[in-house]
1. Using every pair of alpha-carbon atoms in region 9-102, split the distances into 10 Å bins beginning at 0 and state the percent of pairs per bin, rounded to integers.
2. Taking only Cα atoms, what is the 0 to 90° angle, nearest 10, from helix 19-28's long axis to the longest principal axis of the chain?
3. Please list, in chain and number order, the residues 5+ apart from L33 or on another chain whose amide H is under 5 Å from its amide H, with Hs placed from the backbone.
4. Using a/c under 1.5 as the rounded threshold, could you call region 1-55 rounded, prolate or oblate? The axes a ≥ b ≥ c are square roots of the C-alpha gyration tensor eigenvalues, and prolate needs a/b larger than b/c, oblate otherwise.
5. Take the cross-link list K124/K195; K124/K173; K73/K173; K124/K178 and give me the ones stretching past 24 Å between alpha-carbons.
6. If you project the alpha carbons of region 174-295 onto their three principal axes, what span does each projection cover, largest first, in Å?
7. Amide H neighbours of L66 under 5 Å, counting only residues 5+ apart in sequence or on other chains, H built in-plane at 1.01 Å?
8. With 27 Å as the cut-off, how large is the P(r) tail for the chain, expressed as percent of Cα-Cα pairs?
Amino acid sequence: MTQKRPIFAVAPMIDWTDRHCRYFHRQISREALLYTEMVVADAIIHGPRDRLLGHDAAEHPLALQLGGSDPAKLAEAVKIAEPYGYDEINLNIGCPSDRVQSGTFGACLMLTPETVAECIAAMKRVATVPVTVKCRIGVDEQEPEQALPELITRVLDAGADAIWIHARKAWLKGLSPKENREIPPLDYEIVYRMKQRWPDVFIGINGGIRTLDEAAVHLDHVDGVMLGRAAYQNAAILADIDQRFFGAPASEPDWETLRDRMMAYAERHIASGGRLQHVARHMVGLFTGLPGARRYRQILSTDAAKNGAGPEVLAAAFAAVDFSGTEQQAVSA
């Protein structure tokens, strides 16, 4: 296989990867590709655009994930998002949530690959950045060995620049969104086979990947690896990405600098009318496995939620953690 520069991404996660989460993650890794939560095209067209699309310049490289099934609306959303300067536009055809099913998009679109192709073609006509797709290996009774190649063929013919594949089926009937992330069996091999079939196309893998060692194994077969819950629930895992996958100099995580940057960011957010909890809630799992992590979590979970809470709460939380000789434990946990 021709070796390309790998991509390590943090998955788009509804209610989790908002702008505050992404700013936090960016302070830990300069190289990770970050994704927005899925934003529905109708919301961008008719809703508060700055709130939905606004982000800090520090978040780049940053991809916008869109949801929708109407090619014209998706194209309009792409045009509206253009001035916000995203590095990639991604179409979600893998999310199995009830909200998505009721709108007949997300994973439902796996059943109508011709519609997906029309959406991608419409987005490509107006986009000035790469347009990508995030899908499952199939839904419901589909046979992935037939359904997935057909989908990939159609979206590539429509101009898609990359495919991210969550290596599980989605069951639209009978499983909750949470169950759909855990119960359908993982099939990484089919993703590898898609890469072998399309060696010149960027194909990335997602689903059930917990550690950087696992990520490294996948990168022997595909072009990119995407972590979701593992990166969110223990964000310290991101601290080793730049050195391990992108050749950055080896160094211990600078937790004091992270603290200071997040305090300054929180102060700006509060000054603009926000609350500390909007920022702090994404930081709770940072020090999993370190002495003092429990007290750290308690402070962020309780004190940060109080009315009038300020950046000093972050300082108190960090002060509860014992970093002596244990930085690597947090990174590899």
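The values are calculated or read from the model by the stated rules, or taken from the named source; none is laboratory data. Quantities reported herein were computed from a predicted structural model and do not represent experimental measurements. Methodologically, a virtual Cβ is constructed for each residue, glycine included, from the backbone with ideal geometry; neighbour enumeration extends over all protein chains shown. Surface accessibility is based on the protein's heavy atoms, side chains included, excluding ligands, DNA and RNA. Shrake-Rupley method; radii C 1.70, N 1.55, O 1.52, S 1.80 Å.
1. 16, 53, 27, 4
2. Rounded to the nearest ten degrees, it is 70.
3. F8, A9, V10
4. In terms of gyration-tensor shape, prolate.
5. Working: K124/K195 22 Å; K124/K173 32 Å; K73/K173 27 Å; K124/K178 32 Å.
Exceeds cut-off: K124/K173; K73/K173; K124/K178.
6. Sorted largest first, the three principal extents are 52, 45, 32 Å.
7. V39, N90, L91, N92
8. On the way: 24854 of 55278 pairs.
Looking at the chain, the distances longer than 27 Å represent 45 percent of pairs.
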